[in-house]
Amino acid sequence: MSRKVKELRMEDLVFKPTLQPKKSEKKNVVQKSDSLSIFKAIEIVNRQMQLQGLRHKTLLTYNQAMQKYVEFLNIETVDDINKEGFMNWLESLNHLDKTTQANRFRFVSAILTRFYDNGWLKGQGKFWKDIKIKVDKKVKKAADEKELEILLSLIDTTSWIGWRDVTVLVLLYRTGIRIHTLTSLKEEHINFNEKMLVLSGDIMKNGQVLKIPLDDELLMLLERLIKQNHEVRKRYKEKNDYIFISKSGKPTLNDYSHNNAISKRINAYSKKYGLSISPHKIRRLYATNLVRKKVPLAIISKALGHSSYEVTQRYIEIDADEVADTLRKYL
């Protein structure tokens, strides 16, 4: 039986309460008639954020963080939200690494900001705005170009699956797109006449359209893969137009995790051959190569679909020797 990729529905996004009072306790629960239930408040904010174009996956991430915050403080209405409770919740995160702390703080703060803007946090002010969590912002390692070349040479392209995997690696290397965007690609996103990858907002993290030129080699890889895909889908009676499909013709897209079938496949290759290759490391290599080609930061940021230059700068890896060699030219 054919298994379809699960499509996120609005009910998946609405906050799921797990700390409802027990039946024996309900009679003792007193709620002001004008006090908005925390669950209703988050449901409203979910719909506001969805209407403003936030992706389903992003909303789920926000909800997960908010649920932990509400459960820790046993919040029942928006009137229960205050600075003291917020600080206690932050302190409870001390066992986590700084990046995780900062992310949870950011997600919960985003929803609290919506509460404030909706006029629900009367007399509270934006107390979370004065809190800063310092995070070590070291530039993570990009993939090594030579290792990528080695991996491409080791994959057997006489098989359909090998051709697909090589196409994945080359596409990541030449475009720098996210793995989620890659597995969301459909035939309609490839304009062979204009030699262009046209990414619609619905498959981009920032919701904005992006166009990336494609070279002849990559177009050849994609064209042949698409033809082979038609045969695979026909064999397994699958109906979809995704470019990167499984051996049985099903989509490889996973709305709930970056660790989809394609990502796992690349990680398996990396482990098998003792290499340090991953989709995100290839994306960082793409950014670093653009810098070396003297592409303006504004263009690089746009090409990567980043929300700010600061995020882009964390992607760029230039080692000390390269800095020294470059500076020597100006002596």
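Using θ = phi - 60° and the Karplus curve 6.51 cos²θ - 1.76 cosθ + 1.60, what whole-Hz ³J(HN,Hα) does each residue of the stretch 294-307 get, with Gly and Pro shown as x?
6, 6, x, 4, 4, 6, 4, 4, 5, 5, 8, x, 7, 7
Given H placed 1.01 Å from N in the peptide plane, which residues other than close sequence neighbours of Ala143 have an amide H under 5 Å from its amide H?
For Ala143, whose amide H was placed from the backbone, the distant partners under 5 Å are Ile282, Arg284, Leu285.
Which percent of the accessible area of the stretch 211-301 is formed by carbon and sulfur heavy atoms (probe 1.4 angstrom)?
That fraction is 54 percent.
Using a 1.4 angstrom probe on the protein heavy atoms only, could you order Lys57, Lys227, Lys98, Lys293 from most to least accessible area?
Ranked from most to least accessible, the order is Lys293, Lys227, Lys98, Lys57.
Give me the accessible area of Trp160, 1.4 Å probe, in Å² rounded to the nearest 10.
50 Å²
Could you check the simple spin-label distance between Leu96 and Leu154, using points 7 Å along Cα→Cβ, in nm with one decimal?
3.6 nm
Got a sec to turn the phi values of the stretch 47-54 into Karplus ³J(HN,Hα) couplings, 6.51 cos²θ - 1.76 cosθ + 1.60 with θ = phi - 60°, whole Hz, x for Gly and Pro?
Those phi angles translate into 5, 4, 5, 5, 5, 8, x, 5 Hz.
Can you flag which of Lys68/Lys134; Lys134/Lys205; Lys83/Lys140; Lys83/Lys122; Lys205/Lys281 are past 23 Å Cα-Cα?
Checking Cα-Cα distances, Lys134/Lys205; Lys83/Lys140 exceed 23 Å.
Compute, for Thr183, the solvent-accessible surface of its heavy atoms (probe 1.4 Å) with the complete set of protein chains present, and express it in square angstrom to the nearest 10.
Ignoring ligands and nucleic acids, Thr183 comes out at about 0 Å².
Each residue of the stretch 152-159 in turn: what ³J(HN,Hα) in whole Hz from Karplus with 6.51, -1.76, 1.60 and θ = phi - 60°, glycine and Pro shown as x?
Listing the rounded values in order: 4, 6, 8, 7, 7, 8, 7, 9 Hz.
Say a paramagnetic label sat at a point 7 Å from the Cα of Lys302, along Cα to Cβ; which residues of the stretch 197-240 have their backbone N under 20 Å from it?
197-215
Per 0.36 nm of contour for each residue apart, how much would the distance between Lys195 and Gln48 grow if the chain were fully extended, relative to their Cα-Cα spacing?
49.2 nm
Work out, step by step, the length gained on full extension between Lys272 and Lys146: first 0.36 nm times the residue separation, then minus their alpha carbon distance; give nm to one decimal.
Gain in length upon complete extension: 43.7 nm.
For Leu60 and His230 in the same chain, what is the full-extension length gain: residue separation times 0.36 nm, less their Cα-Cα distance, in nm?
57.9 nm
Can you list residues whose amide H is under 5 Å from Met196's amide H, if they're 5+ apart or on another chain and H is modeled 1.01 Å from N?
Asn191, Leu214
The values are calculated or read from the model by the stated rules, or taken from the named source; none is laboratory data. Not measured: the values here are computed from a predicted model. Here the Cβ is made from the backbone with ideal geometry for all residues, glycine too, and neighbour counts use every protein chain on show. We work out accessible area using only protein heavy atoms, side chains counted, and drop any ligands, DNA or RNA first. Shrake-Rupley method; radii C 1.70, N 1.55, O 1.52, S 1.80 Å.
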